[in-house]
Amino acid sequence: MGKKELSPINAGSMADIAFLLLIFFLITTTMDVDTGLQRRLPRLPDEDQQEDSSDKIKERNVFVVLVNKHDELLVESKPMDIHQLRQKAKEFIANPNNAENLPEKEIKELPYFGSVFITKNPVISLTNDRGTSYGMYIRVQNELVAAKQELRDDISIQQFGAKFDELTESQTDAVKNYYPSVLSEAEPKNIGGK
Amino acid sequence: MSRFSKKEKKSTGQINTASLPDIVFMLLFFFMTTTVMKEVNLMITVKVPDATEARKLEKKSLVSYIYMGQPLRSFQKMFGTEPRIQLNDQFKNVVDIADFIAQERDAMDENDRNKMTVSLKIDSDTRMGTVIDVKQSLRRAQALKISYSARKVEEL
């Protein structure tokens, strides 16, 4: 009878085979997740679009950051250390004391917040030399993003008792309106050589 | 005394390895599911800068990579020491980026095309000049969502 010839399959080598596969996957695996500063590039301006004066921005509404080829910073025409940049940028975006030389403020209706007295679209303009090192450029970007993030976190904690990243979608939108994303990558001017 | 020694002798039996394959299989499945095959063979050195605000990039299938940095030692004879751009497995120039983006976009699902992100893996010693050129050609290719690849750190 066929029943008698059925002997158990020898599974002793199963472990060996599995080990082999395991080692293969162990070697080929890369666990690293890609992290980075996510940004949106501006659209290319249309060829026929003239420089219209309507979107000319007042000087007090612009925070000019220049980085030269020696990786030195010039912020609002004053040399500055990178460590002070975050504080300065926060001051600029929020303008807590309604200072003359910082961005204009206006009263705005926002969901959750009601009517608030906030800055009217401040812009941070970052310009760099062709010789600036990429590392420095990212550091400056990082500081500016951090300034915005800290302000958003502050207001989120004050209003909702949670950090910005933990808010619901509609709350996030409200906070985004409170402190809009302000970093503008200026049309690159090809300043400087290598 | 003899009672103790007797006991010891008895306990040194063979370890039961019947569950070994199960354990190994479990590990195997873990690695099989988490594994991501190496995307490219890097021919340049890329040490991305550090940043405290770096965020995780979601959905790897929507991300294309542009590498930039100094060629590795073995390639320096042919390609020099100036930072070069690497797309997939080849050294390329700025002008090739438009084609690369078009290619990557074609390979993507139609619904996902506008969600495409370009991750710029650029060595921190690279000069901004080339980076600007790359960014401009990305703008021309309508690939506006980018990510400056950076290592997440708590403190700079």
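The values are calculated or read from the model by the stated rules, or taken from the named source; none is laboratory data. Worth saying up front: this structure is predicted, and the values here are computed from it rather than measured. Glycine gets a Cβ as well: all are built from the backbone with ideal geometry, and neighbour counts include every protein chain shown.
Quick notes
- Residues of the stretch B:98-135 that turn out to be within 14 Å of another protein chain (Cβ to nearest Cβ), more than 16 Å from B:Ser149 (Cβ to Cβ) and either buried (at least 16 other Cβ atoms within 10 Å of the Cβ) or of a type outside the set (Lys, Arg) (or both), as a count: 7
- Annotation note: of B:Phe29, B:Phe4, the sole residue that is modelled with pLDDT of 75 or more and not charged (D, E, K, R) is B:Phe29.
- Condition met for B:Gln76 (within 16 Å of B:Leu138 (Cβ to Cβ) and at pLDDT 85 or above): no
- For the stretch B:140-156, a residue qualifies if it is within 7 Å of chain A (Cβ to nearest Cβ) and more than 20 Å from A:Val145 (Cβ to Cβ), and exactly one does: B:Arg140.
- The stretch B:19-36, subset in a loop (DSSP other than H, G, I, E, B) and either within 9 Å of another protein chain (Cβ to nearest Cβ) or surrounded by 12 or more Cβ atoms within 10 Å (Cβ to Cβ) (or both), residue nearest to the chain's Cα centre (by Cα): B:Val36
- Selection status of B:Lys115, without any contact (Cβ under 8 Å) to a residue 40 or more places away in the chain, out of contact with any Phe, Trp or Tyr (no Cβ under 6 Å at 6 or more places or on another chain) and not hydroxyl-bearing (Ser, Thr, Tyr): no
- Hits in the stretch A:176-189 (condition: out of contact with any helix residue (DSSP H, G or I) (no Cβ under 9 Å at 6 or more places or on another chain) and either small (Gly, Ala, Ser) or part of a helix (DSSP H, G or I) (or both)): A:Asn177, A:Ser184, A:Ala186
- Residue within the stretch A:24-40 that is at pLDDT below 85, farther than 30 Å from B:Lys47 by Cβ and more than 24 Å from the chain's Cα centre (by Cα) present: no
- Contact map, the stretch A:69-89: residues that are at negative phi paired with residues that are of a type in the set (Phe, Trp, Tyr), Cβ distance under 7 Å, separation 6+ or inter-chain. Pairs shown: A:Ala89/A:Phe63.
- Residues that are in contact (Cβ under 8 Å) with a residue 12 or more places away in the chain, out of contact with any helix residue (DSSP H, G or I) (no Cβ under 8 Å at 6 or more places or on another chain) and not in a helix (DSSP H, G or I) within the stretch A:126-175 comprise just one, A:Thr127.
- Residues located in the stretch B:51-67, provided they are in contact with a helix residue (DSSP H, G or I) (Cβ under 9 Å, 6 or more places away or on another chain), more than 7 Å from chain A (Cβ to nearest Cβ), surrounded by 14 or more Cβ atoms within 10 Å (Cβ to Cβ) and modelled with pLDDT under 90: B:Leu62, B:Ser64
- Checking every residue in the stretch A:116-126 against the condition of being touching an Asp or Glu at 6+ places or on another chain (Cβ under 9 Å), within 14 Å of another protein chain (Cβ to nearest Cβ), surrounded by 15 or more Cβ atoms within 10 Å (Cβ to Cβ) and farther than 18 Å from A:Leu151 by Cα gives at least one match.
- Residue within the stretch B:71-87 that is more than 7 Å from chain A (Cβ to nearest Cβ), assigned to a helix (DSSP H, G or I), in contact (Cβ under 8 Å) with a residue 40 or more places away in the chain and not β-branched (Val, Ile, Thr) present: no
- Count of the stretch A:90-125 residues which are in contact with a Ser or Thr (Cβ under 6 Å, 6 or more places away or on another chain), in contact (Cβ under 8 Å) with a residue 40 or more places away in the chain and polar (S, T, N, Q): 1
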